[in-house]
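Taking it in order: structure first as structure tokens, then the write-up.
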Amino acid sequence: MQGSTAIPEALTGALRAARRVCVLTGAGVSAESGVPTFREAQTGLWEKYRPESLATMEAFLADPAFVWKWYRWRRELVAKSRPNAGHIALAELERRFDEFTLVTQNVDRLHRAGGSQNIVEFHGDLFADICIAGCADPAANDDEIPYCNHCGNLLRPGVVWFGEAIPQQALYRSSEAAERCDVMLCVGTSSQVYPAAGLTGLARQSGAVTAEINPEPTGGPEFNFVIAGQSGLILPELVASLEQSSDE
Ligand code: OAD
């Protein structure tokens, strides 16, 4: 394992040679857009609220108004935020490769807003309203507790809650991308929540070069490279390093 604040030349070289790239992102990528991360002291959302009291089906069924209140607060906060230089750099990176998959644990849509195309929203979409009985396209409304206009059941936010399975299509697409990629970047995640956290190990086992980008790296054994720094600074540097290399 190598560690540095600059982009290791060997990583730039691996990216230049790569045809397939996979990137896993977490809450840290949106930190510079003003969206709080989950596990950092002081600023993390979970510091103020116990996740099990908000982000489970049991909690939702026990008090849907309370859980909806929290999610509406998060929607308002996220709606005010804009993609940062890290999001933009990932969209630029995508344009350079034949196959590029961005697997994000974030539910904030900021990768879409930043211009990324092939995105797997692994933990869902904060702004989607879904029917707990599975009806398609239920209409949203502003009631304290919204109900499905097809079947009358509760609507819930379209995010994956604790104890719930990752939607099959998201799991399939991301596992396939991790297995097939030549380079995998793991950016702004504490790598504590599975199965997302297992994707980089899967890529490494399948022969990919792997790199972590995080101001407080986990330094896990699955990483070939560790770059300590904020994604809004490091990712544009990474893209610039490819431009320099290809100009040579
Ligand atoms: P965490 O809050 O666990 O971790 C955020 C990571 O971002 C930490 O490792 C920070 O060091 C890093 N970080 C902070 N600022 C950064 C910056 N400017 N640039 C890069 N990295 C930075 O968030 P996740 O790993 O995304 O699940 O959490 C995973 C899942 O746990 C979330 O998707 C959520 C939560 O339970 C669901 O909602 C289902």
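A few comments on the model shown:
- For Ala18, residues with placed amide H under 5 Å, excluding near neighbours: none
- DSSP beta bridges in the chain [antiparallel fraction, %, rounded to 5]: 20
- The calculated 222 nm mean residue ellipticity attributable to helices in the chain amounts to -10500 deg cm²/dmol, summing -39500 (n - 2.57) over DSSP H runs of n ≥ 4 and dividing by all residues.
- Rounded to 5, the percent of DSSP beta bridges in segment 94-225 classed as antiparallel: 40
- Within the assembled protein chains, the solvent-accessible surface assigned to Ser175 is about 30 Å², based on a 1.4 Å probe.
- Net dipole in debye of segment 124-213 [+1 Lys, Arg Cβ; -1 Asp, Glu Cβ; about Cα centre; nearest 20]: 400
- Å³ per residue enclosed by the Cα convex hull of the chain: 119
- Once backbone amide H atoms are built at 1.01 Å from N, Thr210 has Met184, Asn224, Phe225 as its partners under 5 Å, excluding neighbours fewer than 5 places away on the same chain.
- Globularity index of segment 119-248 is 1.37 (Cα radius of gyration / 2.2 N^0.38 Å, N = number of residues).
- Span from the segment 52-95 Cα centroid across to the segment 122-162 one, whole angstrom: 14
- Burial ranking of peptide ranges 90-97, 57-64 (average Cβ count within 10 Å, highest at the top): 90-97, 57-64
- Remark on Ala128: its backbone amide H falls under 5 Å from those of Gly158, a criterion applied only to residues 5 or more positions apart or on other chains, H modelled at 1.01 Å from N.
- For segment 136-248, accessible area per residue (1.4 Å probe, heavy atoms of protein chains only), Å²: 48
- Heavy-atom SASA rank of Asp137, Asp182 (probe 1.4 Å, accessible area, largest first): Asp137, Asp182
The values are calculated or read from the model by the stated rules, or taken from the named source; none is laboratory data. These figures come from a predicted structure and were not determined experimentally. Here the Cβ is made from the backbone with ideal geometry for all residues, glycine too, and neighbour counts use every protein chain on show. Protein only, heavy atoms only, side chains kept; ligands, DNA and RNA dropped before computing areas. Shrake-Rupley method; radii C 1.70, N 1.55, O 1.52, S 1.80 Å.
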